[in-house]
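The values are calculated or read from the model by the stated rules, or taken from the named source; none is laboratory data. If you're wondering where the values come from, they're calculated on a predicted model, not measured in any experiment. Cβ placement follows ideal geometry from the backbone for every residue including glycine, while neighbour counts extend to all protein chains displayed.
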Amino acid sequence: MRIELEKRARVSTLFSLLSPLLALVLTLVFGAIMFWLLGKSPLNALYVYFVEPLLEVWSLHELAIKAAPLILIAVGLSVCYRSNNWNIGAEGQFTIGAITGSILPVLYPEWHSPMILPLMLVMGMAGGALYAGIPALLKTRFNTNEILTSLMLVYIAGLFLDWLVRGPWRDPQGYNFPQTKSFQIEAVLPEILSSGRAHWAFVFAIAAAVALWFMMRFMLKGFEVSVLGQSERAGRFAGFSARRMVWFSMLLSGALAGLAGISEVSGSIGHVQPVISPGYGFTAIIVAFLGRLNPLGIIASGLVLALTYLGGEAAQLSIGISDKVSRVFQGLLLFFVLSCDTLIHYRIRLVFARTKPAEVTG
Amino acid sequence: MKKLIIALAASAALLGGFVTGAEAQEKTKVCFIYVGSRTDGGWTQAHEIGRQELQKALDAKIETPFLENVPEGPDAERAIERMARSGCALVFTTSFGFMDATIKVAQKFPDVKFEHATGFKAAPNVSTYNSRFYEGRYIQGQIAAKMSKKGVAGYIASFPIPEVVMGINAFELGAKSINPDFKLKVVWANTWFDPGKEADAAKALIDQGVDILTQHTDTTAPMQVAAERGILAFGQASDMIAAGPKTQLTAIVDTWGAYYIKRTQALLDGTWKSEQIWDGLKDGILTMAPYTNMPDDVKAMAEETEAKIKSGELHPFTGPINRQDGTPWLAAGEKPQDGVLLGMNFYVEGVDDKLPQ
Amino acid sequence: MFEAILLTVITASTPLVIAALGELVAERAGVLNLGVEGMMIMGAVCAFAAAQLSGSPYIGILAGIVGGGLFSLLFGFLTLTLVANQVATGLALTILGLGLSGQLGEAFVGLPGIKLQPIVIPLLSDIPFFGRVLFSQDLIFYLSVALVVGINWFLFRSRRGLKIRAIGDNHASAHALGINVIGARYLAVMFGGACAGLAGAQLSLVYTPQWVENMSAGRGWIALALVVFASWRPWRVLAGGYLFGAVGIGQLHAQILAQNLGIVIPSQFLSALPYAATIVVLIIISHNRRTTLINTPASLGKPFVPDR
């Protein structure tokens, strides 16, 4: 018996909508089995994971806080991946953006102008973009694979941050612990609603997602991205430059990652410390794919993934399921989404014939 | 549309009510937030053991829920707030990086009490607690000076924070009290917890000629390397004798249980107050693993030093002590303020390494 | 001292070399598997668990290989049969592997490890210096050397290897020639998984005989870099792996020497050296566009659906 794929004449719109739902259902089923194997009531566990976090206002705020950087980074990455530029270093761009955006509050803690926050955000975006420019430069100039260069730069960025907060940027009144002074109030990204902690990063994320969706759908640039991603040759015939697309996509995704970085530091943390990200840059890659590289889909997938984090925490407390299970859940979700996506482009047939392709001997 | 959502949410809540079947909670909740995994064999596991001892001691009156692998950063604030919201009366946040998050949540929940480990920010409902690890380091230094033939020890350090610097200094001072020419070689692993890196650091130190090893990182990898190479070593955070039966001299074992019981009892009695606690050997917040693999006279010396520290007769940081560059720090008989120690960012004379300034 | 340092470098480099070699074969067949980290950690936990339960580290090695190989089947099924995106699937594999291994390994944390003992080759091990360094090593080291030689022979001197390279360069043409592209790729992916699993076994049985969550510590990603670094040639993987290992160990020694000499070098800078070095070498290697194009498997990462 063989599984054979038959390409559909047209992309199936039915499955475009059905596939993520199917994936979610499959994940829930497998998750239920997993919980049952662990000796916990499956229904209860699924409820705690997926429904409970949605029932309280403070929890919804936390959802927005957790989802914002994921969505912001992922929409940038989606443009990158669509154009066949594989930026895996968003984590590093996040870090550098956080650093460059924090230059003003750390070096000028007495500056109380309302200008400081917009400047910080712009500097954060610039920093992230510049850092993403390194793998872009290496790719266009030296033909170096951007997956690996951007990845190596992640480690370097992390070590640089570590050196900064333990050395030159350390708070002199902080008992020599690796932390900067807390930012002045003008440098803190404000909350959106007073009912909780969610701050403007969530607004940025939604705005960026809508803007990029618009660009991809209705603007020439979006067309350029898709064409170059699918076939560089075709793009060249249309007058598009693959080289310039490398720069565009990398700088864009770097800027958004940098914005996420400074927003997180300024809004959620309030100072710079050695650990500012629990791996957002990498999780965002998953969010991008879960959202099928569509900015609006990414809003949904970012929220869903954030939900699994919150649910996982709640489950630790109320049912006693370990946090490793959350990671297994996320991996499963991604697996199922990827599998179900096949149905959009292909029909699956089970072939029972026993014919084998003729092997050319010799 | 809104009505539909409300209806859905309501039915979900009802369903949840059926499914979870909440019972009336009589027991007080004492909650724990861990930065690492509770089976990490190091820092977090020590806190977990303390929590289990607490649960056993006051089983009838308390519950001790916990959250593990909480990253320092914005997730921490959410996790701590979740604890506060779920009815915890007392929350222990067991890592320095939770400091600001603890303070922020404490402001929102003035009726909940918080205790933050190894930090320095307090509030009316936030206490801080810490352990005088340096006392154990001093004893280790003395043992090292007696047992080392070359007079050089290798120190696998994690990050240059005051706690680690204090440890290095105390170790050197202890060693110098026996052998004034004792030297320390420090390698910064830039991690608390990475067996491969720690093993490599251990091998590098041994290859560079040290014959005693100590660590401020948490896995048993250095002890294993030491065992293989026939070098004596000190364990960290837990008793590592199993990894080096003929190798471990002693270890600083974090024994938080007694402290947790003390503070929970105070909570139950209504006498809990916000304090900045820095307990030591005499309070049992740290314990030395049995002295092994050394001749009886060294063992006797170590026990004597331990007793003197417990009684207050000996303070590891007692002058005359000079800084690394030779300038005097403590005059003869002078002891430093706790604040100075808590922010320690300089080496004492005899340590070759240089700290970032 | 030099000999001792060399031994340390060998231990540190071996898992990188083995994992990279496995990935090299997969990539030569045109499959980009970013899940090396996940497969490696699964191999590590399977190896440790099996060694603990059976008492023999050799059973552990076997378990590591099988564990990595089976785990890679997930990847194979998704990318080869269901034609899912390889980058995303590889990442999913890594996440799943890290979570699953943590779950499976929970019972084994803190147990004293069982170390794989060296196998001393008689006569050869009496050669001064080289005897001790090369011929008194554990089985996994010998396997790593055998893999380099074997894979090099297989890819460049054997008919099957030629088929693999053909698939990697142009899967459509290979299919037209009657080569079973999907089948061969499955085998290549499983081989990659088995190697990653073996590398993981080295971590928990030789490097640091214990089990700790996430003990692969990013080595899978380094292995991926090594493959590109080596222009998909096995001997260069060996060279690259040892270079990376040497820089990693070297920076620790540099810290100590700097202390002796009173020089201040931030340790973060030294820790960053291996990664910076990798970037530099990557630039040098890929700089010549023609050589890169010649060596890169042209259909790397591209989905393949056999037409009927």
Would you point out which residue out of A:Ala314, A:Ala284, A:Ala255 is small (Gly, Ala, Ser), at negative phi and under 12 Å from the mean Cα position of the chain (by Cα)? A:Ala284
Filter result (assigned to a loop (DSSP other than H, G, I, E, B) and free of Cβ contacts under 8 Å to residues at least 24 places away in the same chain) within region C:231-281: C:Gly262, C:Ile263, C:Val264, C:Ile265, C:Pro266
Does region C:196-215 contain at least one residue that is without any contact (Cβ under 8 Å) to a residue 40 or more places away in the chain, surrounded by fewer than 24 Cβ atoms within 10 Å (Cβ to Cβ) and at the interface with another protein chain (Cβ under 7 Å from one of its Cβ atoms)? no
What number goes with the only condition from (1) within 10 Å of another protein chain (Cβ to nearest Cβ); (2) in contact with a strand residue (DSSP E or B) (Cβ under 9 Å, 6 or more places away or on another chain); (3) not in a helix (DSSP H, G or I) that B:Pro222 does not pass? (3)
Identify, please: which residue in region C:255-270 is in contact with a helix residue (DSSP H, G or I) (Cβ under 7 Å, 6 or more places away or on another chain) and under 22 Å from C:Glu3 (Cα atoms) and is, among those, surrounded by the fewest Cβ atoms within 10 Å (Cβ to Cβ)? C:Ile256
Given the criteria over 28 Å from C:Leu238 (Cα atoms) and either in a helix (DSSP H, G or I) or aliphatic (A, V, I, L, M) (or both), does C:Leu104 qualify? yes
Taking region A:1-40 as the search range and keeping residues that are farther than 19 Å from A:Asp323 by Cβ and of a type in the set (Ser, Thr, Tyr), which one is farthest from the other protein chains (Cβ to nearest Cβ)? A:Thr13
Taking region B:174-192 only, how many residues are at pLDDT 90 or above, of a type in the set (A, V, I, L, M, F, W, C) and in a loop (DSSP other than H, G, I, E, B)? 2
Which ones in region C:64-121 are aromatic (Phe, Trp, Tyr) and either touching a Pro at 6+ places or on another chain (Cβ under 9 Å) or under 16 Å from C:Gly192 (Cβ atoms) (or both)? C:Phe71, C:Phe75, C:Phe77
Say we look at region B:16-60 and pick out the residues that are at pLDDT below 60, out of contact with any helix residue (DSSP H, G or I) (no Cβ under 7 Å at 6 or more places or on another chain) and part of a helix (DSSP H, G or I); which of these is nearest to B:Thr255 (Cα to Cα)? B:Gly17
Looking at C:Leu273, C:Leu252, C:Leu238, which one is at the interface with another protein chain (Cβ under 9 Å from one of its Cβ atoms) and either crowded, with 20+ Cβ neighbours inside 10 Å or not charged (D, E, K, R) (or both)? C:Leu252
With C:Val227, C:Val181 as the choices, which residue is of a type outside the set (Gly, Ala, Ser), within 28 Å of C:Val83 (Cα to Cα), more than 15 Å from the chain's Cα centre (by Cα) and away from chain B (no Cβ under 14 Å)? C:Val181
Taking region B:76-103 and keeping residues within 8 Å of chain A (Cβ to nearest Cβ), closer than 26 Å to A:Val57 by Cβ and either assigned to a strand (DSSP E or B) or out of contact with any Phe, Trp or Tyr (no Cβ under 8 Å at 6 or more places or on another chain) (or both) leaves B:Glu77, B:Arg78, B:Ala79, B:Arg82, B:Met83, B:Ser86, B:Asp100
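Here is a yes/no grid of residues against (1) more than 10 Å from chain C (Cβ to nearest Cβ); (2) surrounded by fewer than 22 Cβ atoms within 10 Å (Cβ to Cβ); (3) assigned to a helix (DSSP H, G or I):
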site: A:Met123; (1), (2), (3): yes, yes, yes
site: A:Tyr131; (1), (2), (3): yes, no, yes
site: A:Leu138; (1), (2), (3): no, no, yes
site: A:Arg141; (1), (2), (3): no, yes, yes
site: A:Thr149; (1), (2), (3): no, no, yes
site: A:Tyr155; (1), (2), (3): no, yes, yes
site: A:Pro168; (1), (2), (3): yes, yes, no
site: A:Gln173; (1), (2), (3): yes, yes, no
Here are the criteria: (1) under 20 Å from C:Ala92 (Cα atoms); (2) surrounded by 24 or more Cβ atoms within 10 Å (Cβ to Cβ); (3) within 14 Å of chain B (Cβ to nearest Cβ). Tell me which single one A:Ser301 does not satisfy. (3)
